[in-house]
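Peer 1: Mind looking over this structure? Questions follow.
The values are calculated or read from the model by the stated rules, or taken from the named source; none is laboratory data. Computed from a predicted model, the values in this text were never measured in an experiment. As a convention, Cβ positions derive from the backbone with ideal geometry for all residues, glycine included, and neighbour counts pool all protein chains shown. Surface accessibility is based on the protein's heavy atoms, side chains included, excluding ligands, DNA and RNA. Shrake-Rupley method; radii C 1.70, N 1.55, O 1.52, S 1.80 Å.
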Amino acid sequence: MFVEIYNTTRQVVLAEDVQVAVNFFDRLKGLLGRREFRVGEGLLLKPCRAVHSCFMLFPIDVVFLDDQMVVVHIIEGLPPFRLSPVIYEASSVLELPAGVTRLSGTRIGDRLSLRVSFH
């Protein structure tokens, strides 16, 4: 079973292999320890209003989502060893490989959805 994140506004898949981190330890670990983050992969942190990239080896795109999975803020290419601002209207954060939001055309106001696939 795979969780996919789909931008319903742009009709494009953002990531086919998304890890969903809902407990404290999974959110705390996040992407730490990973050597790479490939296009097609993603990490959904819930609940979450801010992230950091301390000790990470690569930049990431950070998409902040409200309760309805509407994009409320985007940080493209957050470099390692940085902190994001706290986005109070966000309830979750989607982390993607750097460049995915730009290539997909994802913008503030877009609605995303989770889709489960079995492939």
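Peer 1: For ILE60, are the conditions met, namely being open to solvent by less than 40 Å² (accessible area, probe 1.4 Å), without any contact (Cβ under 8 Å) to a residue 24 or more places away in the chain and among the β-branched types (Val, Ile, Thr)?
Peer 2: no
Peer 1: Scan the range 64-100 residue by residue and report those that are in contact with a Gly (Cβ under 6 Å, 6 or more places away or on another chain) and either open to solvent by 30 Å² or more (accessible area, probe 1.4 Å) or without any contact (Cβ under 8 Å) to a residue 40 or more places away in the chain (or both).
Peer 2: ALA98
Peer 1: Looking at the structure I just gave you, is LEU103 at negative phi, outside any loop (DSSP other than H, G, I, E, B) and open to solvent by 10 Å² or more (accessible area, probe 1.4 Å)?
Peer 2: Against the criterion (at negative phi, outside any loop (DSSP other than H, G, I, E, B) and open to solvent by 10 Å² or more (accessible area, probe 1.4 Å)), LEU103 qualifies.
Peer 1: Which of the strands (runs of 3 or more DSSP E) found entirely inside the range 1-70 contain at least 1 residues meeting this: of a type in the set (Phe, Trp, Tyr)?
Peer 2: Strands (runs of 3 or more DSSP E) meeting the threshold: 2-7, 60-65.
Peer 1: When the range 106-119 is examined, which residues are found to be surrounded by 11 or more Cβ atoms within 10 Å (Cβ to Cβ) and out of contact with any Phe, Trp or Tyr (no Cβ under 7 Å at 6 or more places or on another chain)?
Peer 2: THR106, ARG107, ILE108, ASP110, ARG111, LEU114
Peer 1: What's the total number of residues in the range 21-40 that are surrounded by 12 or more Cβ atoms within 10 Å (Cβ to Cβ), modelled with pLDDT under 90 and under 16 Å from PRO97 (Cα atoms)?
Peer 2: So the count comes out to 5.
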